[in-house]
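Q: Take this structure first; my questions come after.
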Amino acid sequence: MKTLVLVGGGHAHLHCLEQTKHELPEDWQVVLISPSSYQYYSGMFSGYTEGVYTLEDIRINLKRLCDKIGALFVEDLIHTIDPEKKELKGTEGDVYHYDAVSFDIGSQTAIPETLQEQVSSIKPNYRFPEQLAQLRDSAYPVIVGGGASGVELAFSILSWRKKQNLPASVALFSSTSLLSGQGLTASKKIEFIAQQKSLPFFTEVLVQAVDDFSVITSEGRSYPQSGVLWLTGPKSSELFRLSGLPTDDDGFLLVNDLLQSVGHRDIFGAGDCITIDRYPSLAKNGVYAVRQGPILWKNLKNSLSSERLLPFTPQKRFVSILSTGGGEAFLSYGKQVLHGKIPWKIKQHIDGKFMKHYKDLYE
């Protein structure tokens, strides 16, 4: 009996789990290990924040999915990997053997050490509902981070507060222009939309300190806060580095274009927790994780049967759709941008189709 262990319930592993229902060799056992029995879909966080979706709408029941397809679900957090013994160790000391293992555990948020006690994050994502409920109703919600997550949740909290007849006292802080990673056109457009919707935002500033009632920027200015959600760049789990696995300079698991560890042929990875050596600057984005799913599954299957592995080639461009609240969304593709109700309808269709696809496997 060969044991394939999937650590984390991310996009790529959801695809692998689906495939086990159709093409699982008889001498295989598939084990999914995750710290939560639910996987929350980040693409619908904004809709949940605004009150469009319920909690059940935005999460997949990993345990029920595993039970339905014949995989074993284990609720645990892996904190040690022993590649020589082919063993994983959980938080309570439980040991899990593998013949092949794959990691799809996402990333953490790069919160400065001096601020970790004063701010919150939505990662790991099963913490999101609790963090959101505390923030969106408070007097002066503050979002730090001008990337896609920060911009989208700031708009969504603003829309929620308008529906509840609460003051529009949401503040968004960014060290760059908003959506700077999507290019100048997208950045200018989203900032114009923020002005139209009366979303207070501050760009080219750093939040350097947070006290009980305010945030203090690099300019020495103070702004009121009743809760700070930190949504800046990704940070790697310490799991790979502490276990002695090859990583990039930031601690992300280093894999080749076969999604296979550069140091261990029976260790694989996908999604935000990895860096591909041929594409070191590839963004940590769920779009790539979804595309990696089919390649990851084929390579896991082929590695256990000593067949040839296939390379993953990332697409050069992809469509990004961010909710801006009130039934509108912002779509960008290269230098093309579109804002309004049509992008929101497209986003709803894509997100709903994704969730239905996996929920139908166990409901």
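The values are calculated or read from the model by the stated rules, or taken from the named source; none is laboratory data. This structure is a prediction, so every number in the text was calculated from the model and none was measured. Neighbour counts are summed over all protein chains in view; Cβ atoms, including those assigned to glycine, are modelled from backbone coordinates with ideal geometry. Protein only, heavy atoms only, side chains kept; ligands, DNA and RNA dropped before computing areas. Shrake-Rupley method; radii C 1.70, N 1.55, O 1.52, S 1.80 Å.
Q: Condition (residue is among the small types (Gly, Ala, Ser), at pLDDT 95 or above, open to solvent by less than 60 Å² (accessible area, probe 1.4 Å) and within 23 Å of residue 315 (Cβ to Cβ)) applied to the range 231-244: is it met by at least one residue?
A: The answer is no; no qualifying residue exists.
Q: Among the residues of the range 287-297, how many are in contact (Cβ under 8 Å) with a residue 60 or more places away in the chain and either in a loop (DSSP other than H, G, I, E, B) or surrounded by fewer than 20 Cβ atoms within 10 Å (Cβ to Cβ) (or both)?
A: 2
Q: Let me ask something else about it. Kindly indicate the residue of the range 102-134 that is of a type in the set (Ser, Thr, Tyr) and part of a strand (DSSP E or B) and also nearest to the chain's Cα centre (by Cα) among those meeting that condition. Full working, then the answer.
A: Within the range 102-134, the subset of a type in the set (Ser, Thr, Tyr) is 102, 107, 109, 114, 120-121, 126.
Narrowing further to those that are part of a strand (DSSP E or B): 102, 109, 120.
Numbers: 102: 17, 109: 10, 120: 16 Å.
So the residue we want is 109.
Q: Inspect the range 339-362 for any residue being open to solvent by less than 60 Å² (accessible area, probe 1.4 Å), in a loop (DSSP other than H, G, I, E, B) and in contact (Cβ under 8 Å) with a residue 40 or more places away in the chain and give the result as yes or no.
A: Among the residues of the range 339-362, at least one is open to solvent by less than 60 Å² (accessible area, probe 1.4 Å), in a loop (DSSP other than H, G, I, E, B) and in contact (Cβ under 8 Å) with a residue 40 or more places away in the chain, which makes the answer yes.
Q: Further question: Looking at (1) closer than 30 Å to residue 363 by Cβ; (2) modelled with pLDDT of 95 or more; (3) exposed (fewer than 13 other Cβ atoms within 10 Å of the Cβ), can you tell me which one residue 95 breaks?
A: (1)
Q: Please list, ordered by first then second residue, the pairs with beta carbon atoms under 7 Å, 6 or more apart or interchain, first in the range 168-194 and closer than 16 Å to residue 231 by Cβ, second part of a loop (DSSP other than H, G, I, E, B) and aliphatic (A, V, I, L, M).
A: Hits for this filter: 170/199; 172/199; 173/205; 175/205; 175/206; 190/178; 190/179; 194/178.
Q: Among 132, 115, which is under 20 Å from residue 226 (Cα atoms), touching a helix residue (DSSP H, G or I) at 6+ places or on another chain (Cβ under 9 Å) and modelled with pLDDT under 95?
A: Only one candidate passes the filter, namely 132.
Q: If you don't mind, there's one more thing I want to ask. Taking the condition of being open to solvent by 10 Å² or more (accessible area, probe 1.4 Å) and not small (Gly, Ala, Ser), how many residues in the range 154-178 meet it?
A: Going residue by residue through the range 154-178, those that are open to solvent by 10 Å² or more (accessible area, probe 1.4 Å) are 159-160, 162-169, 171, 175-177.
Checking the rest, the ones that are also not small (Gly, Ala, Ser) come to 160, 162-167, 176.
Residues meeting the conditions: 8.
Q: Name the residue, out of 269, 220, 325, that is open to solvent by less than 10 Å² (accessible area, probe 1.4 Å) and either among the polar types (S, T, N, Q) or farther than 18 Å from residue 13 by Cα (or both).
A: Of the residues listed, the single one that is open to solvent by less than 10 Å² (accessible area, probe 1.4 Å) and either among the polar types (S, T, N, Q) or farther than 18 Å from residue 13 by Cα (or both) is 325.
Q: Scan the range 195-217 residue by residue and report those that are in contact (Cβ under 8 Å) with a residue 24 or more places away in the chain, assigned to a loop (DSSP other than H, G, I, E, B), open to solvent by 20 Å² or more (accessible area, probe 1.4 Å) and not β-branched (Val, Ile, Thr).
A: Within the range 195-217, 197, 198, 200, 204, 206, 211 meet the criteria.
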